[in-house]
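J.: Have a look at this one before I ask anything.
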Number of protein chains: 4
Amino acid sequence: MLGPRVWASVRPELSKALSKKMRGWASGEGRKIDIAGIYPPVTTPFTATAEVDYGKLEENLHKLGTFPFRATQATVEMTLSMAQVGADAVMVVTPCYYRGRMSSAALIHHYTKVADLSPIPVVLYSVPANTGLDLPVDAVVTLSQHPNIVGIKDSGGDVTRLGLIVHKTRRQDFQVLAGSAGFLLAAYALGAVGGVCALANVLGAQVCQLERLCLTGQWEDAQKLQHRLLEPNTAVTRRFGIPGLKKTMDWFGYYGGPCRAPLQELSPTDEEALRLDFTTNGWL
Amino acid sequence: MLGPRVWASVRPELSKALSKKMRGWASGEGRKIDIAGIYPPVTTPFTATAEVDYGKLEENLHKLGTFPFRATQATVEMTLSMAQVGADAVMVVTPCYYRGRMSSAALIHHYTKVADLSPIPVVLYSVPANTGLDLPVDAVVTLSQHPNIVGIKDSGGDVTRLGLIVHKTRRQDFQVLAGSAGFLLAAYALGAVGGVCALANVLGAQVCQLERLCLTGQWEDAQKLQHRLLEPNTAVTRRFGIPGLKKTMDWFGYYGGPCRAPLQELSPTDEEALRLDFTTNGWL
Amino acid sequence: MLGPRVWASVRPELSKALSKKMRGWASGEGRKIDIAGIYPPVTTPFTATAEVDYGKLEENLHKLGTFPFRATQATVEMTLSMAQVGADAVMVVTPCYYRGRMSSAALIHHYTKVADLSPIPVVLYSVPANTGLDLPVDAVVTLSQHPNIVGIKDSGGDVTRLGLIVHKTRRQDFQVLAGSAGFLLAAYALGAVGGVCALANVLGAQVCQLERLCLTGQWEDAQKLQHRLLEPNTAVTRRFGIPGLKKTMDWFGYYGGPCRAPLQELSPTDEEALRLDFTTNGWL
Amino acid sequence: MLGPRVWASVRPELSKALSKKMRGWASGEGRKIDIAGIYPPVTTPFTATAEVDYGKLEENLHKLGTFPFRATQATVEMTLSMAQVGADAVMVVTPCYYRGRMSSAALIHHYTKVADLSPIPVVLYSVPANTGLDLPVDAVVTLSQHPNIVGIKDSGGDVTRLGLIVHKTRRQDFQVLAGSAGFLLAAYALGAVGGVCALANVLGAQVCQLERLCLTGQWEDAQKLQHRLLEPNTAVTRRFGIPGLKKTMDWFGYYGGPCRAPLQELSPTDEEALRLDFTTNGWL
């Protein structure tokens, strides 16, 4: 019932170009489809009348395109139509409304069906903060064997689980993406190959720099950079959500613009706290 | 993002007829719209190929119509079209995907907008087991003052909260419905005026009998009947969900039929346990 | 590892005197030990130097003794010594530190051992708000058959569960007590025989009046009184906890006095909100 | 109300010897007290009659002493007596029974008092799986400034939080220890200086080897080793708890022995699953 999200590549050539230069252990050579790298989950810009602002969307994508990541966006019923209009892959969030019945068996059945019918590769998406459920590790391991399922975006932040997924799918062509910049360094350290990071919408260069430091084994510098990204990341995700992300995009020269109800704009107090999370870490 | 549910009356005249006979403190005389009574949230019957089986739906409604309740069904974007095709009211579930941002203010804004634009009355719907969030009591109290919001279906099962809602909206024309037959007696005891009960799809006469016992102050008999409905109710809701409800409908002469993925059919072991919850209480 | 609580009767003769007058369906005649009735979980008064103030404790007990309930207090290792100094029964909270291992089997084993060795009757105590776990219904049903286990105090507030416990132990000599005044009416409606209510420390006469209305079938008056007790009850339990209860005791002429660290005194803002919950319902 | 735990060093000279050889960024030179390194939280061995088996405890400590870590054990009221009998430091778990009132202010007050009065250094201990609450980051930051609080054991597994604690206490002499071997590599990558790891009771050499790989920057080998420790670690902690840990200790030549009620011994099925988690990763 929850909307799936479509995965559309933005300037994939840039990402590929970067990947080619990398010689890290996370390199995706020979994979059925390489999804390694940093992706910003692109916000949907709205006009003052709550219409999707396609002009602003294009503008943002153009700006984001100058950093080496790809955009993600989604809806589940639209997998086929998304494929028709040229999407490279679809990312499918776990169904969750009847969460009490979302057993491993039910979820395996769900994703298998989607993957069977999708003309483009499927990326699993587990985001317990929104859905109230984790895609169980045993389900991920089973699904990793499906030829049309290429990886997972895991936003739960449990790196023990994330490492276990990498470990138990190591014989499959299966790629793990961190679902947030907050545990990106840890995810790379455990074998993830990239991240889908809200923060990359505003600190895109810095998140890509963190990727580079991890891939080239510069862990001490990576740690310092990761530390400075923690509070800004929490601010645009768990703490202030989409309204916080859009407000920050405005500050950083992108078009964030208004939110769509029921999401509310930030209060002046919240906005001040949001700004503080960026200034105390030297980003504003 | 979660689908809203439309509220369509099934044989409202029957329910009205019953209500007229009642002289309890829960009587809805003079209300803007009277929603008191017992409602089964009607299951959607599917054919073997997962198409909605409208014939079976009509058949079920016909059978259910012989008991004094109305059917509920919903989707949020369909409020207007539902009104056009004749719905009496809409029941709107809390939005929940970005639950971290679903403050009282956000939820009040959401429901106020829906109620402002809806040509038919709006019933609030709080179901934390599915959405992971409660509609806060202060939001309910504020929304109860909207002329087009007539009540709430509360499925949380916290009767302290439910009693508080009745108490704090007592000066409004606002009606509280229990969202499950498991706490129906308790809800009536605290001032609710009805229930939307999955169990009424199979033990409709019994749930309506429980209503009658409560409304006429026969609390000892009500307690005995309520006790015998507890396990069957849990079985077709929290324990075995929609698959359990549909299976039981088949047993009781309705058309339950197959579930739609990702929901799975019950295993033989689960089916046995489900049956036991009805037999040990004397219903099968 | 969590401290057990001892159950010491305060003026049981008063309670018995009241019970005798009652002719309700909850009457405890012929029971192995009758624990029906209203009990305030007595706060521990401290001096300014955080010593237990036994003089104040005696004073409070004296005042509380003028209402028909008994005091409860507890510690698990002290069951035997409590029996030696004259306690009538012990109430034993669920162990919870290693909650991941607190299966039904483990809890049944635990309580069976305590009950086997205790010279005085044992009351089970399930309080998920503090312990993070419910004593499972199947464990309660099994334990209800133990000759030295006489009942349960259930503070979870889930009356569906509470009704199920009453229903499934109906052939045992087993008594159910509501663990809070917030769902006391509902608990009586479902077959409970009393309550252990923090609120009874300050509105003791009113809580006992609510008991009387329920036991004599005056449900409409009971509903009105229950409604007016909801906010005060939440205020001295979930909302402001022990500090709120003690502050209110001071207002009502008991000795509440200071809290012991780590519990903190209320802020002036909290104190104002606490007072409001009593004034808006006509108690102050 | 929950028992505090005392921290007693076992063969600290061994640990120091190892630390001296290290030249990593986590080195503790010049600290008020250096708590870096790997520690097994020592299990309490019982005889068949549930008495503490001091002989076996000494035997285990002797064996553990051959690996470079120190033992931890605890009870809160015993801080002073533990200091008298020679403990190097105390580790104090968050109080949690009245968790609804355990605000940052309350917890800061609690730890400040303990640290003020303790003759030996205090280590904070946050273990939400057991206590149901996290010690808030802002409380940790405030407490890190206390001269007698030297660090924290954090068992929550949220490395975003853990990194933030390292980042925000970087100007204090404050040391962060991972509370489990499951996220030990990630913790080191984010700036932790050691771990208190149940798994070190059975795979002590391997956990210390993982420490060494992290401290010397051999991250690829560290990743491979960490992967192989994930399932064994979960098995002796979250999955099978103390009974699992003790059973495994028996297998590895230590004395695990019986558990004390309410903890139950493993079923044969669980024991088989436990063994599998070690064999599939090449440890048995």
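We did not get these values from a lab; they are worked out from the coordinates using the rules stated. Because the structure is a prediction, the values reported are computed rather than measured. Cβ placement follows ideal geometry from the backbone for every residue including glycine, while neighbour counts extend to all protein chains displayed.
J.: Residues of D:146-158, mean number of Cβ from any other protein chain within 10 Å of their own Cβ, rounded to a whole number? Numbers along the way, then the final one.
T.: Details: counts 0, 0, 0, 0, 0, 0, 0, 0, 0, 0, 1, 5, 6.
For peptide D:146-158, the averaged partner shielding equals 1.
J.: Where does the Debye-calculated log10 I(q)/I(0) of the stretch A:102-232 sit at q = 0.12, 0.15 Å⁻¹, using only Cα point scatterers of equal weight, no solvent?
T.: -0.47, -0.71
J.: From the P(r) of the stretch B:79-124, could you give the percentage of C-alpha pairs in the tail past 16 Å? Don't skip to the end; give the middle numbers.
T.: On the way: 419 of 1035 pairs.
Here the tail beyond 16 Å accounts for 40 percent of pairs.
J.: Output, in nm with one decimal and in ascending order, the distances from the C:Leu80 label point to the matching label points of the other copies (7 Å from Cα along Cα-to-Cβ).
T.: 2.8, 7.4, 7.7
J.: Related question: R0 = 22 Å: FRET efficiency of D:Lys224 with A:Gln172, Cβ-based, nearest 0.05?
T.: Here the calculated transfer efficiency is 0.80.
J.: Going 7 Å from Cα along the Cα-Cβ axis for the label, what nanometre distances separate C:Ser104 from the same residue across the other copies?
T.: Going from nearest to farthest copy, the values are 2.2, 4.0, 4.3 nm.
J.: Okay, moving on. Looking at the axis that maps chain D onto chain C, which chain D residue has the closest Cβ, and how far off is it in Å, rounded to a whole number?
T.: Result for the D and C rotation: D:Gly132, 2.
J.: Still on this model: Work out the charge dipole of the stretch B:229-284 with +1 on the Cβ of Lys and Arg and -1 on the Cβ of Asp and Glu about the Cα centre, then indicate which of B:Pro232, B:Trp251, B:Leu263 is farthest towards its positive end.
T.: It is B:Leu263, whose Cα lies furthest towards the positive end.
J.: Going by amide H atoms built from the backbone, whose H comes under 5 Å of the H on A:Ile149, apart from near neighbours?
T.: Counting only residues 5 or more places away or on other chains, the set is A:Val122.
J.: If I take R0 = 35 Å and measure r between the Cβ atoms of C:Val52 and D:Gln145 in this structure, what FRET efficiency does the formula 1/(1 + (r/R0)^6) give, to the nearest 0.05?
T.: Working: r = 33 Å, r/R0 = 0.95.
Efficiency, from the Cβ-Cβ distance: 0.60.
J.: Strictly over 27 Å apart at the Cα level, which of A:Lys224/D:Lys224; B:Lys113/B:Lys247; A:Lys153/D:Lys247; C:Lys153/D:Lys247; C:Lys153/D:Lys153; A:Lys168/B:Lys247 would you flag in this model?
T.: Among A:Lys224/D:Lys224; B:Lys113/B:Lys247; A:Lys153/D:Lys247; C:Lys153/D:Lys247; C:Lys153/D:Lys153; A:Lys168/B:Lys247, the Cα-Cα distance tops 27 Å for B:Lys113/B:Lys247; A:Lys153/D:Lys247; C:Lys153/D:Lys247; C:Lys153/D:Lys153; A:Lys168/B:Lys247.
J.: Next up: Averaged over A:220-232, how many beta carbons belonging to a partner chain fall within 10 Å of each residue's beta carbon? If you can, show how the numbers build up before the last one.
T.: Working: counts 5, 0, 2, 8, 3, 0, 7, 8, 1, 2, 10, 3, 0.
Across A:220-232, the average partner-chain Cβ count within 10 Å equals 4.
J.: Would you please report the Å³ per residue occupied by the convex hull of the alpha carbon atoms in the stretch C:126-189? Walk me through the intermediate numbers first.
T.: Working: hull volume 5.0 nm³, N = 64.
Hull volume over Cα atoms, normalised by residue count, gives 78 Å³.
J.: Treating only the Cβ of Lys, Arg, Asp and Glu as charged (+1, +1, -1, -1), what charge dipole size does the stretch B:126-260 show about its Cα centre? Round to the nearest 20 debye. Present the calculation step by step, with values, prior to reporting the outcome.
T.: Details: 13 positive and 10 negative charges, 43 e Å.
Charge dipole, the stretch B:126-260, about its Cα centre: 200 debye, nearest 20.
J.: While we're looking at this one, here's another question. Between the DSSP loop rule and a limit of at most 15 other Cβ atoms within 10 Å, which trypsin sites (Lys or Arg not before Pro) in the stretch A:141-186 are left?
T.: Numbers: sites: A:Lys153, A:Arg161, A:Lys168, A:Arg170, A:Arg171; in loops: A:Arg170, A:Arg171.
Filter output for the stretch A:141-186: A:Arg170, A:Arg171.
J.: Lys and Arg at +1, Asp and Glu at -1: add these up for the other residues within a Cβ distance under 12 Å of D:Leu133 and post the number. Show your work: numbers first, answer last.
T.: Details: positive: D:Arg99, D:Arg101; negative: D:Asp134.
Neighbour charge sum, excluding D:Leu133 itself: +1.
J.: Determine the shielding of peptide A:110-118 by partner chains: average, over its residues, the number of Cβ atoms on other chains within 10 angstrom of each Cβ. Mind showing how you got there, number by number?
T.: Details: counts 4, 1, 1, 2, 2, 0, 0, 0, 0.
If you average over the peptide's residues, the count of other-chain Cβ atoms is 1.
J.: Report, for D:Asp116, each distance to the same residue's label point in the other copies, shortest first and in nm; define the point 7 Å along Cα→Cβ.
T.: Sorted ascending, the copy-to-copy spacings read 4.7, 5.4, 6.8 nm.
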